[in-house]
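The next block holds one structure in the form of structure tokens; read it before the comments.
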Amino acid sequence: MPRILAIDYGLKRTGIAVTDQLQIIASGLTTVASETVLDFLSDYFTKEKVGQVIIGEPRQMNNEASQSAAMIDAFVVRFQNKFPDMPVVRVDERFTSKLAFQSMIDGGLNKKQRQNKALIDEIAATIMLQDYLSRKMI
């Protein structure tokens, strides 16, 4: 069974998470510089079978698009142009960064470790993917 990959795209960094081959568990893969993410994904797709990509859709509390939505929408267009056969699912990414930070606290990471924004992005992608998997199984 192919993996599902999640992307938490940001202005500077992009967090990436991926499922196991049975699509049961989401795990953080890495964080890459946003300007290199398409090259990273191209390399990853040649090494691993990925059947679907989840990309966060930033929303405000009133369900309107957030300020970063246009930037992420432009990334989605570039992604789909580069990988036209890869199915893309957009998912609500509200609170994933806050949940990621809280999970770092709950996990016992010290203040210096919690300042690692790359780790926050990777955990946010993992949370987004695990939430998607949970909803998919219902």
Looking at (1) at pLDDT 95 or above; (2) among the small types (Gly, Ala, Ser); (3) in a helix (DSSP H, G or I), which is the one condition that is false for Ala70?
(1)
Taking the stretch 21-35 as the search range and keeping residues that are exposed (fewer than 15 other Cβ atoms within 10 Å of the Cβ) and of a type in the set (S, T, N, Q), which one is nearest to the chain's Cα centre (by Cα)?
Ser27
Scope the stretch 6-27; condition under 19 Å from Lys136 (Cβ atoms) and either of a type outside the set (A, V, I, L, M) or out of contact with any Asp or Glu (no Cβ under 8 Å at 6 or more places or on another chain) (or both); matching residues
Ala6, Ile7, Asp8, Thr19, Asp20, Gln21, Leu22, Gln23, Ile24, Ile25, Ala26, Ser27
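Considering only residues of the stretch 95-132 that are small (Gly, Ala, Ser) and at pLDDT 80 or above, which is nearest to Gly28 (Cα to Cα)? Steps first, answer last, please.
Initial filter on the stretch 95-132 (small (Gly, Ala, Ser)): 97, 100, 103, 107-108, 118, 124-125.
Filter again for at pLDDT 80 or above, leaving 124-125.
Working: Ala124: 9, Ala125: 7 Å.
Applying the filter and picking the extreme gives Ala125.
Mind listing whichever residues of the stretch 77-93 are modelled with pLDDT under 80 and either buried (at least 16 other Cβ atoms within 10 Å of the Cβ) or hydroxyl-bearing (Ser, Thr, Tyr) (or both)?
Initially, the stretch 77-93 is screened for residues modelled with pLDDT under 80, giving 92-93.
Result: Glu93, single match.
The values are calculated or read from the model by the stated rules, or taken from the named source; none is laboratory data. The model shown is predicted, which means the values in this text are computed figures rather than measured ones. Glycine also receives a Cβ, built like all others from the backbone with ideal geometry; neighbour counts cover every protein chain displayed.
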